[in-house]
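Working notes, beginning with the structure itself.
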Amino acid sequence: MPDFRKFLLLVLASVALLTARSAAAQSTRPLCMVRELRTGRLIRVEDTTRASVVGPFVSCSDTLLTLGLGHGDSSRSVPTELVRRMWARDNQRRIGLIAGALAGAVAGGVVAQSKSEICFTGSPPVASTCHSNTVINVFVFGGGGALVGLVLGRTIPRWAKIFP
């Protein structure tokens, strides 16, 4: 029985050490490896004191993240170990594209249904409405709406979280 207790203790200690090791590896993840950090991109940084700094990205080292302040050559450096969260300025192009495509497709279907052609079908020929242009209108209006949504979405700014 003592061998089983030793084995169980050894297994639990191994699991605890592996868990601590993976947690330490995640916490020391280099901040500068975030691929959204590009020179000149507008970045918002929140540190452990909940203070917020906004400015264009200038540089990053193992110890400091440097943002410009937009006043010529002035800049603000934040120690990387104090960085709690970080956002990059982005826009709403994807949401605009999807919303525009859906709105355009619905509008195209409505237009096609209301502006149907009269055609003669059957034997003997009987006048009826043909909706053969519905699919074409849905695609054309949907494409146009997607283009308008993309253009409008690019003009609406948002902050995209990039760290952690």
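Quick notes
- Within the accessible area of region 52-98, the carbon and sulfur atoms contribute 51%, probe 1.4 Å, all protein chains present.
- Residue-normalised accessible area of region 33-83, given per residue in Å² at a 1.4 Å probe: 62 Å²
- Protein-only accessible surface at a 1.4 angstrom probe places the residues 123, 77 in the order 123, 77, largest first.
- Note on residue 59 and residue 123: their simple-model spin labels are 8.6 nm apart, each label 7 Å out from Cα toward Cβ.
- Mean Cβ neighbour count within 10 Å, used as a protection proxy, ranking 102-111, 35-44 highest first: 102-111, 35-44
The values are calculated or read from the model by the stated rules, or taken from the named source; none is laboratory data. It should be emphasised that the depicted structure is a prediction, and the values quoted were computed from it without experimental measurement. Virtual Cβ from ideal backbone geometry, glycine too; neighbours counted across all protein chains shown. These accessible areas exclude ligands, DNA and RNA; they are computed on the full protein's heavy atoms, side chains included. Shrake-Rupley method; radii C 1.70, N 1.55, O 1.52, S 1.80 Å.
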